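Working notes, structure below.
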Amino acid sequence: MSSQPILFLVFNRPDTTKEVLNRIREVQPYKLYIAADGPRKGYLSDFIKCQKTREICMQVDWECDVKTLFREENLGCRQAVSTAIDWFFEQEDSGIILEDDCLPSNSFFTFCDVLLKRYKDHEDIMSITGNNFQPHRRTDYDYYFSRYMHCWGWATWERAWEKYDWDMKNWKQAKEKNLVNKVFQKKRQQQYWFDILEQVSNGKIDSWAYVWTYSIWLNNGINIIPEENLVSNIGFSSDATHTIDDEDHAAKLPTTELQFPLRHPPKIKTHKKADEYSQLHHFHPNIPIRAFRKLKKVSLRIFKTVFSKS
């Protein structure tokens, strides 16, 4: 049984919701918070899908305190998620956050539980993620520290989330103090993240996760990354909100089950090489990497076409 409360964020995807709920069922948390955004205006199918998704969510058949926040109107990604997390931490000191397309391994829950307890009083550590996009292990331990927060299955504390700057009211001041330039040394990286945060601040990008990343940097925060991938995003498809390319390099990555007790790093220090890889391969790939991935996709499609006819 998971000793940490879980916040389950859902919308209009009954199939993936069922898969993730089944995984949650395996660890049987004693507290489950379910937050659902409302159907979008003009999308008739949303009413049916949202209702079906909510019905699936109520199929909790173990001893559990279930609390729900079902919206009648659509708030959109940024507001729906951030206010749901607000609601969660109005009642809990720490917990795990899962979206309806993020399928965790069983050990993800224990990983979060152990580290939420271990670092509860470390103000600089602000999130624990289940995602790892590295090509190989970076250390001899079971996790490392990073400047990046990955949001496909993660955990945090109320003391960290209270620093979430929802409307980026401090962005003007952060720009004046060159926040992005202090986080990144390379011009290309500085420009990329400045442009992203500028678009989020003026509403051109609807993202709670970028605001959370910004809030962490604003408070000199650090994130925990597992040395093995513990959560797979199974939601890449044409009907997704953001993850629409089902051939994306990060789609449906395999997960690993960890061995416990965890091997803890002796020092709290971000891993620069791992972070450089994340920036170049996950967040902002350069032209050669983008060209290679495109060629790989085309080759795979040709391969599938040829062998499907044989």
When you scan segment 35-52, do you find a residue that is in contact with a Ser or Thr (Cβ under 6 Å, 6 or more places away or on another chain) and either modelled with pLDDT of 95 or more or not aliphatic (A, V, I, L, M) (or both), even just one? no
Give the residue, chosen from L258, L280, L295, that is of a type outside the set (D, E, K, R), modelled with pLDDT of 60 or more and not assigned by the TED database to the domain that holds D195. L258
Restricting to segment 266-283, count the residues that are touching a Phe, Trp or Tyr at 6+ places or on another chain (Cβ under 9 Å) and either surrounded by 17 or more Cβ atoms within 10 Å (Cβ to Cβ) or charged (D, E, K, R) (or both). 8
Return a yes/no flag: does segment 15-28 have any residue that is in a loop (DSSP other than H, G, I, E, B), modelled with pLDDT of 95 or more and of a type outside the set (S, T, Y). yes
Quick one: in segment 38-55, which of the residues that are part of a loop (DSSP other than H, G, I, E, B) and touching a Phe, Trp or Tyr at 6+ places or on another chain (Cβ under 9 Å) is nearest to A80 (Cα to Cα)? G38
Among the residues of segment 125-132, are any of a type in the set (S, T, Y) and over 11 Å from the mean Cα position of the chain (by Cα)? no
Take the residues in segment 63-96 that are closer than 15 Å to A209 by Cα and of a type in the set (G, A, S); name whichever of them is surrounded by the most Cβ atoms within 10 Å (Cβ to Cβ). A84
Just for segment 97-110: of the residues that are in contact with a Ser or Thr (Cβ under 9 Å, 6 or more places away or on another chain) and of a type in the set (A, V, I, L, M, F, W, C), which one is surrounded by the most Cβ atoms within 10 Å (Cβ to Cβ)? F108
Unique match (being charged (D, E, K, R) and touching a Gly at 6+ places or on another chain (Cβ under 7 Å)) among D101, D121, D86: D101
Can you confirm whether I48 is under 20 Å from S232 (Cα atoms) and among the β-branched types (V, I, T)? no
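The values are calculated or read from the model by the stated rules, or taken from the named source; none is laboratory data. These numbers were taken from a predicted model, which means no experiment stands behind them. Note that we place each Cβ from the backbone using ideal geometry, even for glycine, and neighbour counts take in every protein chain shown.
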